[in-house]
1. Just give me the residues in region 284-325 being among the aliphatic types (A, V, I, L, M), modelled with pLDDT of 85 or more and open to solvent by 30 Å² or more (accessible area, probe 1.4 Å), in sequence order.
2. Quick one: in region 260-283, of everything that is outside any loop (DSSP other than H, G, I, E, B) and out of contact with any strand residue (DSSP E or B) (no Cβ under 7 Å at 6 or more places or on another chain), which residue is most open to solvent (accessible area, probe 1.4 Å)?
3. Can you name every residue in region 102-122 that is in contact (Cβ under 8 Å) with a residue 12 or more places away in the chain and open to solvent by 20 Å² or more (accessible area, probe 1.4 Å)?
4. Would you check which residues across region 108-124 are within 20 Å of ASP175 (Cα to Cα) and touching a strand residue (DSSP E or B) at 6+ places or on another chain (Cβ under 7 Å) and list them?
5. Which residues, counting only those in region 237-259, are assigned to a loop (DSSP other than H, G, I, E, B) and touching an Asp or Glu at 6+ places or on another chain (Cβ under 9 Å)?
6. Keeping to region 133-162, report how many residues are in a strand (DSSP E or B) and open to solvent by 40 Å² or more (accessible area, probe 1.4 Å).
7. Can you pull out every residue in region 78-107 that is closer than 13 Å to VAL136 by Cβ, in contact with a strand residue (DSSP E or B) (Cβ under 6 Å, 6 or more places away or on another chain) and aliphatic (A, V, I, L, M)?
8. In region 167-184, which residues are closer than 21 Å to ASP90 by Cβ, surrounded by 22 or more Cβ atoms within 10 Å (Cβ to Cβ) and either modelled with pLDDT of 85 or more or not aliphatic (A, V, I, L, M) (or both)?
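The values are calculated or read from the model by the stated rules, or taken from the named source; none is laboratory data. What you see is a predicted model; the values in this text were computed from it and never measured. Here the Cβ positions follow ideal geometry from the backbone for every residue, glycine too, while neighbour counts run over all protein chains shown. Accessible surface is based on the protein model in full, side chains and every heavy atom, while ligands, DNA and RNA are left aside. Shrake-Rupley method; radii C 1.70, N 1.55, O 1.52, S 1.80 Å.
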Amino acid sequence: MKKILPFLIALSRAAQKVTAPCLRLLPVATLILCLACGAKGPAATTELDQLADPAATEYNALEVAELNGKLYESFTATPIYEDYVIGGGDLIELTIFEAPDLSIETRVSARGSVTLPLLSTVRIAGLSVLEAERHVEELYREKYLQDPHITIFVKEQFGSKITMMGALKKPGTYDFYASMNLMDVLAMAEGLSDAAGRTVQIRRKPESSEDASSLVIDLDQLVKGGQGNLNVGIKGGDVIYVPEAGSVYVDGAVRKAGSYPIRKEMSVQEAIVAAGGLQSFADAKNVKLIRYLGEGRREVAKLSLAELQTGETGKLKVRDRDVIFVESSAVGTFVQGLRLTLGAGLFGVGYTPPSQ
């Protein structure tokens, strides 16, 4: 017994040396645990209020029908001949009643000009027939004729067309006969399809490499906001493209937060999968769906992924401009961020909030 007692005393002292640092760190570890359990996971990478413009209303079937109704109302009647826009390559017959000898048949050049008697080169491409007649009359009146009366007849039309693409009821290539604006040509294609988004892109055929241009028009501002200046004029050769509606923003405790295109009949679960799935610290019972209703209104629904897989909510589909935010589990966040160190007789506890 006398031999064993010194050994037990030495063993006890050695244990005290090892456990003493741990005991000193215990209050610190407890404080970290308390703070971490009340902590949130990674914050949203973007403020929710900034993810979508409240005015960016989804065009569902009823809204598209309302918009199309307004397009049809504004559609100009069948264009008259005087409104036909002359283009490069057109063959025209120009008649001057007061001076028949000056009448001529000529083709508009690729640069949009014609060569006329006494006047040399005159640019008329881009003008309607009526505008071209008045323009040439004015030129002859300035130097040669007192009160000329001129008519222009387009004998051959050369490829003046516009192309309608995207979410339209009848996309395709259309002859461009006369001056038309954006709402006219959208109505000419029989309006938007139910999948149409809220913007229209106009790509303009360049006259030179420096003249290429592209316009993006917001249909909400044009139709609902009454901004008539957005109802821009269309020119021959323009390409009008209406993209389909469809992007959902996924944020929070997911692997790849960001905006993702909406596939047909895309569910909330599929949107989360598109964002790389859940992080290990995600709270699958606390998923928020923020849906903008327009006019500054929004609806926030709290969802559970388990419930989405069963029951009626499993049929919930995402819409254009929806925001899905996956909350973090407090315990999961703590476990994920906990850092332990052990070495050289020291035991340490640390906590680093996990980030995406």
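1. ALA284, VAL300, ALA301
2. Per the stated criteria, the residue is VAL273.
3. LEU102, ILE104, GLU105, THR106, ARG107, SER109, ALA110, ARG111, SER113, PRO117, LEU118, LEU119
4. Selection gives VAL108, GLY112, ILE124.
5. Listed by number, the residues that qualify are ALA245, GLY246, ALA253, ALA257.
6. Result for region 133-162: 5.
7. Across region 78-107, the qualifying residues are ILE92, LEU94, ILE96, LEU102, ILE104.
8. Answer for region 167-184, where residues must be closer than 21 Å to ASP90 by Cβ, surrounded by 22 or more Cβ atoms within 10 Å (Cβ to Cβ) and either modelled with pLDDT of 85 or more or not aliphatic (A, V, I, L, M) (or both): just PHE176.
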